[in-house]
């Protein structure tokens, strides 16, 4: 009997669950009406201000507010207000950090469903919206619409404060903050404020230490996508920034801009201790340490210390044996990116540094500088012991050994030692049987 009672109760509960409530009926009816409207393409609600029409009354009311400027839904965290509740709800996720829409293919998550949908196009490779003017295609219709303005020249968003106009509403909104001084996105960890959410997200990574953009060729990771894109050029050898004055090319835009100052003769950063001036502030700071004697970056493996962190990092590879820059043409690898780039020119035959006085060209700038002294007669390396002077520092160092008696190049076959590498190399021919001189 007890089992039968339980069975009856279960059947009664199941029946009750199957009976829809009044609220569920209302929702179902509204959904059915929307489906009927969409199926018939009936749009009974027409805007008198513009030609747009809508399936349902709520969409029409929200649209009307874009004309009246009415924004009834205000954010309690910042001063922003919106035309409809759903947009406010989505905006609040910026403050809460909530990202409820997650990609099943990767670990990324998004504030809105539409953003996730656009992102999914990256994995599927699907770009159904194509431009008729060029071959570009897009994952969504709004991006195609914005792209079309490049061809039409349309810039529908005009600033009333100045003469600027914009293709994208987002760019216009960001620009307007230059006039209003508005910085609506605030960091909860510190008092920093930002014009736009991407700036806040980048800033947050300073607190979290997060570096979401990783290089597949090496172990480096970056806070910004742009930084990863620029880094990848080290591996590909791409140097998209070309100087029209000389044939130099650069991996990074910043390096290109600094290089252009050398042609203009612009050296805005001057040393107060001496007459030297520099193209970059970082180089001036490093130079100032030659006056103070400061070398803040010390090697833990040996006693060497350096003015710049980059120099210490490069030095540490001597201890670790790391050679991250690998040539695909031959088996050589390098500790420094600059040495790798110079080496690659031996394969390509590129000699971008051209002498304006004669037809000679060189693989690296340092070789051109040394060559130019043959035209100018400059001999900057002077011996204090005698009156001799030299064009190259290597020749000067070799000469100084005639005064000090130093002979650092030792023959492994016999006990002889030499002042220069060239002297040792010439001597080794005797042991190889190439020359008949005696030791």
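The values are calculated or read from the model by the stated rules, or taken from the named source; none is laboratory data. As the structure is a prediction and not an experimental result, all values here were calculated from the model. Every residue, glycine as well, gets a Cβ built from its backbone with ideal geometry; the counts of neighbours run over all protein chains shown.
Tabulated data
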quantity	calculated
Residue selected from segment 357-382 under the condition in contact with a helix residue (DSSP H, G or I) (Cβ under 6 Å, 6 or more places away or on another chain) and in contact (Cβ under 8 Å) with a residue 12 or more places away in the chain, by the criterion surrounded by the fewest Cβ atoms within 10 Å (Cβ to Cβ)	357
Subset of segment 159-206 [part of a helix (DSSP H, G or I) and over 19 Å from the mean Cα position of the chain (by Cα)]	169, 170, 171, 172, 173, 174, 175, 176, 177, 178, 179, 180
Some residue of segment 94-106 being surrounded by 11 or more Cβ atoms within 10 Å (Cβ to Cβ), touching a residue at least 12 places away in the same chain (Cβ under 8 Å) and in a helix (DSSP H, G or I)	yes
Qualifying positions in segment 406-439 - assigned to a helix (DSSP H, G or I) and modelled with pLDDT under 85	432
Qualifying residue in segment 339-356 (condition: under 33 Å from the mean Cα position of the chain (by Cα), free of Cβ contacts under 8 Å to residues at least 12 places away in the same chain and farther than 30 Å from residue 322 by Cα)	no
Those residues of segment 392-405 which are assigned to a loop (DSSP other than H, G, I, E, B) and at pLDDT below 90, in sequence order	392
Residue among 225, 216 that is surrounded by fewer than 13 Cβ atoms within 10 Å (Cβ to Cβ) and touching a strand residue (DSSP E or B) at 6+ places or on another chain (Cβ under 7 Å)	225
Inter-residue pairs, beta-carbon under 7 Å, first closer than 20 Å to residue 132 by Cβ and in segment 148-174, second part of a helix (DSSP H, G or I), 6+ apart	167/146; 167/149
Residues (in a loop (DSSP other than H, G, I, E, B) and under 22 Å from residue 315 (Cβ atoms)) located in segment 265-299	280, 293, 294, 295, 296, 299
Residue in segment 116-132 that is touching a helix residue (DSSP H, G or I) at 6+ places or on another chain (Cβ under 8 Å), loosely packed, with under 14 Cβ neighbours inside 10 Å and over 26 Å from residue 75 (Cα atoms) present	yes
